[in-house]
Structure formats: C-alpha cells, structure tokens
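Take a look at the structure set out below.
The values are calculated or read from the model by the stated rules, or taken from the named source; none is laboratory data. Worth saying up front: this structure is predicted, and the values here are computed from it rather than measured. All Cβ positions, even for glycine, are placed from backbone atoms using ideal geometry, and neighbour counts span all protein chains on display. The area values use the complete protein model at the heavy-atom level, side chains included, leaving out ligands, DNA and RNA. Shrake-Rupley method; radii C 1.70, N 1.55, O 1.52, S 1.80 Å.
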Amino acid sequence: MKLPKVYEPSKYEADIYALWEQSQAFQPRKAGKSFTVVVPPPNANGNLHIGHALTMAVQDIAVRYHRLKGESALWLPGADHAGFETQVVYEKELAKQGKSRFDFSREELYGQVWDFVAANRHNFESQFRRLGASVDWSRYTFTLDDKIVKRAYATFKQMWDEGLIYRGERLVNFCTFHGTAFSDIEVIHREETGTLWYIRYPLTDGSGEIIVATTRPETMLGDTAVAVHKDDERYLAHRGKTVTLPLTGREVPIIADDSFVDPGFGTGAVKVTPAHDPNDYAFGLAHALPMISVIDNEGKIAGEMKEAYRGLPVKVARKKVVADLEAEGFIIKTEELTHNVGHCYKCDTIIEPLLRDQWFVDMQPLAKPAAQALRDNKITFYPASKKDQLVTYLENLRDWNISRQIAWGIPIPAFQNVENADDWIFDTRVEQQIIEVDGKTYHRDPDVFDTWFSSSSWPYATLDYPDGEDFARHYPLDLMETGFDILFPWVSRMLMLGLYVTGEVPFKSVYLHGLVLDEHGQKMSKSKGNVVNPMDIVEEYGSDAMRMGIIAGQSAGNNQPFGLPKVIAARNFANKLWNVARYIEGRVGGCDKLDAVEPRTNADHWLLSKLSEASQAVAADLEAYRFSEAYERVYHFVWDDLADWYIEAAKSQENTPLLATALRAVLQLAHPFAPFVTETIWQTLSWTGQSTLATSEWPTVKPGDADRSNAFQTVKTLISEARATQKATGGSGGDLEYVAHPAIDDNIEVIKRLAKLGDLRAVAQSDGLKLTGCSLDAWLVIDKETTKKQIARLEDKQQDAAASVARLEARLANKSYMDHAPEKVVDQTRAQLEEAKQLLADVEAETARFKQ
C-alpha cells in the first residue's frame with residue numbers, strides 16, 4: 001500500500017493504538033533485562049492536564065526505547081482515588097444541584113463519589129490512549145483496588161505493632177471549610193499584609209502591666225501564659241508574676257525562656273496560646289501549660305468561651321474582641337506588618353491550627369535509613385541537586401498526621417472501646433461501624449487515610465508485593481518520573497515506606513520535571529486564561545506533535561515555556577518523516593525482501609557513518625534521560641543529513657537497498673518520540689519484517705569507510721560554502737575551479753546539482769574567489785561586476801565595524817566613565833568591544849578574500 005500524499009493524524013492514530021493493543025505490544029517480554037516504570041497515578045476525577053502530557057511523553061519515550069532495546073519493558077498504568085481532591089470536585093458537582101455533603105450520610109457520599117469516579121474512567125483511559133501511552137492495560141491499578149487497600153492495612157498494622165503509629169491530641173493544620181486536617185506540606189504559605197495589635201496585660205498584683213504584640217487578638221481568649229526572653233532586662237522584675245487577661249479575667253503566668261521569644265519583635269513579650277499556634281504549642285508542652293481551644297472545627301469561637309463571642313466566625317470575633325479591648329482601654333497602638341499565612345491549597349481558606357485527636361506516624365525511624373540510602377547514592381537523581389534537598393528534608397521531618405476527616409478514601413482500620421477511650425484495636429472490618437471483640441464493643445474511627453499514605457506503596461503494591469511474579473522480576477523500578485513539586489509529599493514517602501516494607505529502595509533513578517509554563521514563561525492558570533488543554537492540541541495537530549513539542553528544550557528540574565510554535569515545528573517534523581518515507585517507498589517499490597546493503601558512493605559511506613553515529617548518540621542520551629537532546633539529534637539527522645543531503649546526493653547515483661535500510665533505521669530511531677506516524681509508515685511498508693514497529697529493535701548500523709565518509713563530508717563543506725557565498729553576493733550559478741582531487745572528481749554531478757553550479761574545471765591555479773572553509777583548493781568563479789558590488793558592501797560594513805570599535809575603546813578610555821559606571825556595566829562594555837573587534841576582523845578577512 002502506498003502512503004497518501006498528506007499525513008492526517010486523526011485518520012490513523014486510533015487504529016494504530018488498537019493494533020498495538022491487539023498485538024499485546026505493551027506487555028513485557030518474558031526474557032531480557034527488566035525496565036520498569038509505573039505511572040504516577042493521575043487523579044481519577046477529571047481530565048489529564050498539560051503536566052500529565054509531559055509525564056506521559058517523557059515516560060513513554062523511555063519505555064519505548066528500552067522495549068526496542070529488547071528489554072522486558074513494563075509501564076504500569078493506574079489512577080489515584082485522590083481522597084480530598086476528588087471529594088472537593090464532587091462537592092462542586094453537588095453544589096450545582098443545590099446540595100452539599102451534609103445532605104448525605106458518610107456511606108451515601110462514598111457511594112456517590114465512587115460512581116462519579118467510575119463514570120470518568122472511560123474518559124481517563126481514552127486520554128491515555130490518545131497521548132500514545134504504551135502502558136500494559138492488563139495491569140491497570142486503582143488506588144482503591146483490594147491489593148492497594150490490603151497493602152495499606154498491612155503497613156499500618158506493621159507500624160502499629162512496632163510502635164510507629166500513635167494516636168494523640170496534637171496541633172494539626174485544619175481547613176474549616178472542608179472540615180479536614182492536612183499535613184504540613186499540604187499547606188500553602190504566602191506573604192500577606194496584616195495588623196499587629198499592642199495590648200496591655202495588667203499585672204495581677206497591681207504593680208504595673210506588660211505589653212504584648214499579636215496578629216490574632218481573638219485567640220487571647222485561650223492564652224495560658226505570657227513569654228519573655230530570660231536575658232531581656234526590661235522584664236527581670238516581671239519574672240514569677242502573673243497577669244490578668246483582659247476580657248476573660250483569667251490569671252496566667254509570665255514565663256522567661258531562652259529560645260522561644262525574639263526580644264526584637266514587638267515589645268519582646270508575647271502571648272502564648274498553645275491550642276492555636278505551632279510555636280506556642282511546643283512552648284506549652286515544654287512548660288506543661290493548659291491548652292484551651294478557642295476555635296472549633298467550623299471556624300467559629302468554641303462553645304466554652306465567653307458568651308459574647310461564642311459561635312462567632314473568627315474574623316467577626318476578631319473585630320469584636322478588638323472593639324471590646326479598645327472600649328476598655330487595653331489597646332495601646334497598631335502597626336501594619338507583612339507575615340506568612342497558611343491557606344488551604346484547594347479553597348484558599350486560612351488554615352487554623354487546631355487541637356485534634358489524630359493518628360500519627362513517628363517519622364524519624366523511617367527518615368533516617370532513607371536519608372542514609374541517599375547519602376550512599378543508591379538512587380540517581382535528575383537533576384542531582386534534588387538529592388541533597390531531599391536529605392535535608394528528611395533530616396528535619398516531623399511526625400506525619402495520616403488522619404483525614406472526609407468520606408472518600410481508605411477507612412482507617414482502628415476501633416475504639418465505647419467504654420474506654422484509651423482502648424484502641426486494629427481491625428480490618430471497616431465495613432462495619434461497630435464490632436465486638438472479647439465481649440467488648442468497639443466503634444470504628446470515622447476518618448480515612450491521607451491519600452499519600454496508600455499511594456506511598458505504589459512502586460511495590462502495584463507489582464503484587466511480596467509474592468507476585470511482577471515484584472520478583474520488576475522491583476525496584478528503574479525510573480520514577482514525576483513533577484518536582486511532589487518530591488517531598490510523594491517521592492520521599494515512597495522512599496521511606498519502600499525501604500521500611502521491602503528492605504530495598506523502590507527505584508533506581510528519579511527524574512523530576514519542572515512546571516509547564518505558557519509560551520511567555522508565565523505559570524498557567526484559569527484566571528489568566530492561558531491554560532493549554534493537551535487534548536485540544538492532539539485534536540488539531542496530532543499526538544506526535546503534542547509529545548515532541550512538549551519535550552523540546554525540556555530538561556530535568558527546570559520550568560519550561562510551552563506554546564504552539566514548538567508544536568507546529570514538531571508537526572512539521574512528522575510531515576517531513578512522512579514525505580521522506582513516501583519518496584523512499586516510491587524508489588524502493590513493493591518488494592518483500594531487500595538486497596544486502598552495499599555502499600558504493602562516498603555519500604553512501606557518509607550516510608552509514610552518520611546513521612551509526614546517530615543511533616549510538618541517541619541511545620546514550622536516552623540512557624541518561626536526556627530526552628530533549630535525543631529528540632534534537634533525531635530531528636536533525638532526518639531533516640538535515642538524510643533529507644537535505646543524502647537523498648539529494650543519492651539522486652545522482654541511487655542505492656535503493658540503502659535508502660530502504662536508512663528509512664527502517666530512522667523509523668526505529670524516531671519511534672519513541674513520534675510513535676503514531678512512524679508505526680503508520682511501518683505498517684504500509686512491505687519489507688520491514690516485524691509485525692509492529694513498537695516491538696522491533698533499536699537499529700545497529702555498521703559505519704561506512706572512514707576515508708570515504710570524510711571525503712563526502714569535505715564535499716558537503718565545499719557545497720555549503722559555495723551556497724553561502726552565492727547568497728552573500730546576491731548571485732547564483734557560476735563555475736567552480738579546483739585543484740584535482742578524488743573527493744571532487746568522484747562527486748562532480750552531486751556538487752554541480754546541489755550547489756547549482758555551471759561547470760567544474762580542474763586547474764593548477766585560479767584567480768576566482770577562494771573557498772577558504774574547505775580543506776581543498778577550490779575557487780568560485782563569479783563575474784567582476786558581482787565581485788565589485790560585494791567588495792563595496794563589505795567596505796561599508798568594515799567602516800561601521802571600525803567605528804564601533806573606536807567608540808567602545810573611547811568609552812573605556814574615559815576616566816569618568818570608568819570611575820563612576822557600575823562594574824557590571826563596564827564588564828558589558830568590555831565584552832561588546834571584544835565582539836566588535838572580532839566582527840571587524842571577520843569583515844576584513846572577507847574583504848581581503850574578494851579583493852585577492
């Protein structure tokens with residue numbers, strides 16, 4: 001079958017993906033070295049975004065390459081139930097119907113979210129396919145599948161038995177809008193302008209007062225101390241005394257401490273509210289202070305507080321507290337300040353530090369071996385700097401709150417004795433609200449696991465740890481590729497739990513990509529209107545253009561601008577591949593078997609050498625996860641070496657077996673980057689061999705003879721210089737005179753046609769224009785009038801360059817400029833002078849060449 005004139009991706013991509021699935025092309029080979037990647041499971045609640053498109057492209061390139069290398073390549077797909085994230089999305093759907101989560105029981109809400117996610121699965125998987133993801137669908141895993149849930153429970157039980165799990169009332173980050181706690185790294189902190197109130201706290205003995213500064217006057221209702229620095233001379237006389245809190249009349253102590261208070265902030269005296277501030281909480285523990293909760297789970301003043309404030313939202317309560325303090329003369333002054341405020345990463349509600357009974361994991365016993373594994377270089381990071389960042393993070397890691405107060409997720413398998421609040425047991429009968437054990441009644445904890453707890457087992461749970469054949473063959477993973485923004489929330493936890501559960505690091509390499517920015521380098525956001533939908537690009541330009549466009553210029557750890565120009569360039573490359581294939585198919589014909597390749601011309605030898613070099617260089621780049629560099633090599637080999645040079649050169653003396661072999665190798669080289677167009681071409685060719693390109697092999701090419709390859713390279717340089725000279729002079733044609741040499745003698749027709757020359761003559765000497773960039777003695781013979789005009793243009797350019805040099809030298813010789821200009825500006829001037837001198841030298845040499 002002949003290739004049509006135009007490649008239209010939409011006509012082929014669905015059928016090609018179906019072919020891959022039907023032929024089981026994505027299942028790992030039974031033999032060969034293992035290469036394994038698991039998809040960082042996208043949230044099952046919506047569409048894939050541009051970041052997913054980058055992840056899919058990078059991972060698929062790696063997997064397809066290793067599959068072509070003959071390895072047992074497994075790319076395992078999956079989806080994340082994304083507990084809190086998915087419930088938030090579903091609650092928005094409920095809001096459109098005029099309903100909320102409070103209209104349903106926990107079980108009803110869970111069932112509705114399950115149906116909501118299940119309905120999206122077809123859309124989710126369809127988008128994977130449209131992006132060309134060569135995943136093994138037979139191993140698809142959902143984070144609520146039985147094997148993932150059972151692994152989460154087994155890990156929780158192991159930690160429970162070893163004392164790493166504990167329950168306690170601790171200060172947690174709480175979103176009062178969504179009604180759930182978060183871990184520290186899920187809180188978004190940003191600088192905001194606020195008010196600092198200076199408040200008088202009278203000494204109880206009537207001997208004076210102490211002034212405290214606070215940004216949260218409403219929490220003073222729960223103050224249990226005032227703290228000062230032990231070395232602050234202003235408060236030496238206050239030690240051991242107490243103050244009477246305004247508005248409440250409670251008596252609290254003044255405590256001197258050597259580390260908690262910054263004497264330079266405010267007045268050097270701070271109110272201590274252990275139930276609503278992390279630092280105050282630590283201080284309260286150290287000094288055994290009472291912890292009084294002022295704010296409840298709904299973000300209102302708690303029922304135990306003074307009636308005047310009870311039930312008021314925090315912001316309203318703050319205004320009333322300030323008004324009452326002012327009315328009673330307790331506020332001295334206010335100041336504006338800038339400080340960091342924590343927000344919910346989904347709804348932007350200000351996070352309230354609240355005291356809650358939660359389940360925690362003691363992290364340092366897990367973090368220490370993980371940090372040591374990193375120091376021992378058991379994992380390679382791309383970029384390398386991320387390893388040290390992760391070590392520092394692990395060294396300072398605090399205990400992990402794994403309780404979440406939502407319906408959608410994996411229920412925590414813990415039950416509390418209804419008659420003894422301190423009696424907790426582990427039990428996996430989470431489908432029951434109440435169970436009986438040894439004659440005692442236990443009630444299930446209503447909370448679910450933090451999603452990161454279950455997804456931290458992803459590298460080994462998906463492979464059926466501990467007894468699965470996949471685990472034995474494919475663990476640890478060869479590559480974990482994900483965004484750098486989840487290095488701490490996910491990668492760190494996979495590392496810690498992987499070591500804890502399996503005794504091995506879960507992956508050999510970690511590749512972290514940066515954010516995908518818009519083409520102007522701005523972060524994409526709906527509010528800016530610059531969000532790019534990858535499916536829209538696939539629809540208009542094809543999947544291959546999307547994939548190649550998004551990796552172009554991409555490097556590990558760096559944010560990368562992305563826009564349509566990159567996609568269009570990639571689309572043009574796909575079209576170039578198609579046109580090259582059409583040409584070669586037309587020359588080779590419909591034979592089923594090709595003759596052996598025998599290089600006959602210098603160009604043949606050069607192409608084989610270039611093809612061998614490209615195959616090895618692209619492989620080296622992909623082994624080191626240099627995806628953009630590998631793509632650039634393939635791009636330039638196809639466009640420049642094959643299409644622009646060899647095919648044109650071969651028209652003088654065609655070698656059809658070599659053309660066919662080159663096309664076969666090019667399709668294999670380009671396949672990881674552009675799987676659809678390359679497979680489409682492969683399926684139309686009668687002489688490719690294997691049923692699918694996806695399961696063929698990486699090309700191994702014997703280079704051509706070095707001397708003959710170099711000879712054509714010399715000819716290529718000569719042709720390029722002849723073209724450049726013709727362009728510079730505004731002319732075309734002309735003759736070439738040269739001192740006899742086999743490199744030219746054997747390629748007269750090629751040189752004449754590609755350089756668009758008239759006659760080529762062997763001479764002993766010539767008064768033509770010497771081609772100095774070539775190692776051979778060759779001259780371009782052009783008419784005197786053209787030469788005269790070019791010399792005049794060069795002399796004008798030379799005059800401008802000389803003037804620029806003189807101007808910059810004068811500036812640097814000016815004492816006033818050198819004394820007063822910033823050093824950076826002077827350095828720029830020096831650099832400009834060097835550039836101007838080089839330009840002048842180049843123009844002088846070119847002028848001399850035309851005058852000789």
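Just a few scattered comments:
- Taking segment 187-213 as the range and being out of contact with any Ser or Thr (no Cβ under 9 Å at 6 or more places or on another chain) and either part of a strand (DSSP E or B) or crowded, with 21+ Cβ neighbours inside 10 Å (or both) as the test, the residues that pass are VAL187, ILE188, HIS189, ARG190, ARG200, GLU209.
- Scoring ASP348 on the criteria (1) over 30 Å from PHE265 (Cβ atoms); (2) within 24 Å of the chain's Cα centre (by Cα); (3) open to solvent by 60 Å² or more (accessible area, probe 1.4 Å) leaves a single failure, condition (1).
- Qualifying residue in segment 11-24 (condition: surrounded by 17 or more Cβ atoms within 10 Å (Cβ to Cβ) and within 25 Å of ASN559 (Cα to Cα)): no
- The single residue among GLN59, GLN112 that is closer than 30 Å to GLU539 by Cα and modelled with pLDDT of 85 or more turns out to be GLN59.
- Members of segment 712-729 found to be open to solvent by 20 Å² or more (accessible area, probe 1.4 Å) and either assigned to a loop (DSSP other than H, G, I, E, B) or small (Gly, Ala, Ser) (or both), listed by number: SER720, ALA724, ALA728
- Among the residues of segment 448-467, at least one is surrounded by fewer than 16 Cβ atoms within 10 Å (Cβ to Cβ) and acidic (Asp, Glu).
- Those residues of segment 351-376 which are open to solvent by 10 Å² or more (accessible area, probe 1.4 Å), part of a helix (DSSP H, G or I) and closer than 30 Å to PRO278 by Cα, in sequence order: GLN364, PRO365, LYS368, PRO369, GLN372
- Checking each residue in segment 223-244 for being assigned to a loop (DSSP other than H, G, I, E, B), open to solvent by 20 Å² or more (accessible area, probe 1.4 Å) and under 30 Å from MET305 (Cβ atoms) picks out ARG239, GLY240, LYS241.
- Out of GLN158, GLN112, sole residue that is open to solvent by 30 Å² or more (accessible area, probe 1.4 Å) and free of Cβ contacts under 8 Å to residues at least 24 places away in the same chain: GLN112
- Residue in segment 748-755 that is part of a loop (DSSP other than H, G, I, E, B) and over 30 Å from TYR65 (Cβ atoms) present: yes
- Set side by side, the residues GLN27, GLN87 differ, and just one is in contact (Cβ under 8 Å) with a residue 60 or more places away in the chain and surrounded by fewer than 20 Cβ atoms within 10 Å (Cβ to Cβ), which is GLN27.
- Leading residue by the ranking (nearest to the chain's Cα centre (by Cα)) among those in segment 366-392 that are over 15 Å from TYR511 (Cα atoms) and of a type in the set (D, E, K, R): ARG375
- Single residue of segment 116-155 satisfying the filter (in a helix (DSSP H, G or I), within 23 Å of the chain's Cα centre (by Cα) and buried (at least 17 other Cβ atoms within 10 Å of the Cβ)) that is modelled with the lowest pLDDT: PHE124
- Of VAL531, VAL491, all but one fail to be among the aliphatic types (A, V, I, L, M), out of contact with any helix residue (DSSP H, G or I) (no Cβ under 6 Å at 6 or more places or on another chain) and open to solvent by 60 Å² or more (accessible area, probe 1.4 Å); the exception is VAL531.
- The set of residues in segment 377-419 being among the aromatic types (Phe, Trp, Tyr) and either open to solvent by 60 Å² or more (accessible area, probe 1.4 Å) or at pLDDT 95 or above (or both) consists of PHE381, TYR382, TYR393, PHE415.
- Just one of (1) surrounded by 17 or more Cβ atoms within 10 Å (Cβ to Cβ); (2) outside any strand (DSSP E or B) fails for TRP779. It is (2).
- Within segment 75-115, the set of residues being in contact with a Pro (Cβ under 6 Å, 6 or more places away or on another chain) and either in a helix (DSSP H, G or I) or of a type outside the set (Gly, Ala, Ser) (or both) comprises ASP80 only.
- Looking across segment 294-312, just one residue is under 14 Å from ARG216 (Cβ atoms) and either loosely packed, with under 14 Cβ neighbours inside 10 Å or hydroxyl-bearing (Ser, Thr, Tyr) (or both), and that is TYR309.
- For segment 9-32, filtering for residues that are touching a strand residue (DSSP E or B) at 6+ places or on another chain (Cβ under 9 Å) and modelled with pLDDT of 95 or more leaves 3.
- Criterion violated by VAL805 - all others in (1) open to solvent by less than 70 Å² (accessible area, probe 1.4 Å); (2) in contact (Cβ under 8 Å) with a residue 24 or more places away in the chain; (3) under 30 Å from GLN653 (Cα atoms); (4) among the β-branched types (Val, Ile, Thr) satisfied: (3)
- Yes/no for ALA73 being surrounded by 23 or more Cβ atoms within 10 Å (Cβ to Cβ), in contact with a helix residue (DSSP H, G or I) (Cβ under 7 Å, 6 or more places away or on another chain) and under 27 Å from GLU469 (Cβ atoms): yes
- The residue that is least open to solvent (accessible area, probe 1.4 Å), counting only those in segment 632-674 that are more than 21 Å from VAL63 (Cβ to Cβ) and among the polar types (S, T, N, Q), is ASN655.
- Selection status of VAL270, in contact with a strand residue (DSSP E or B) (Cβ under 6 Å, 6 or more places away or on another chain), more than 18 Å from GLU218 (Cα to Cα) and crowded, with 16+ Cβ neighbours inside 10 Å: no
- Residue tally, condition touching a residue at least 60 places away in the same chain (Cβ under 8 Å) and open to solvent by less than 80 Å² (accessible area, probe 1.4 Å), over segment 30-47: 12
- Condition met for GLN616 (without any contact (Cβ under 8 Å) to a residue 12 or more places away in the chain and not aliphatic (A, V, I, L, M)): yes
- Subset of segment 31-59 (residues that are within 14 Å of the chain's Cα centre (by Cα), farther than 24 Å from HIS671 by Cβ and of a type in the set (A, V, I, L, M, F, W, C)): none
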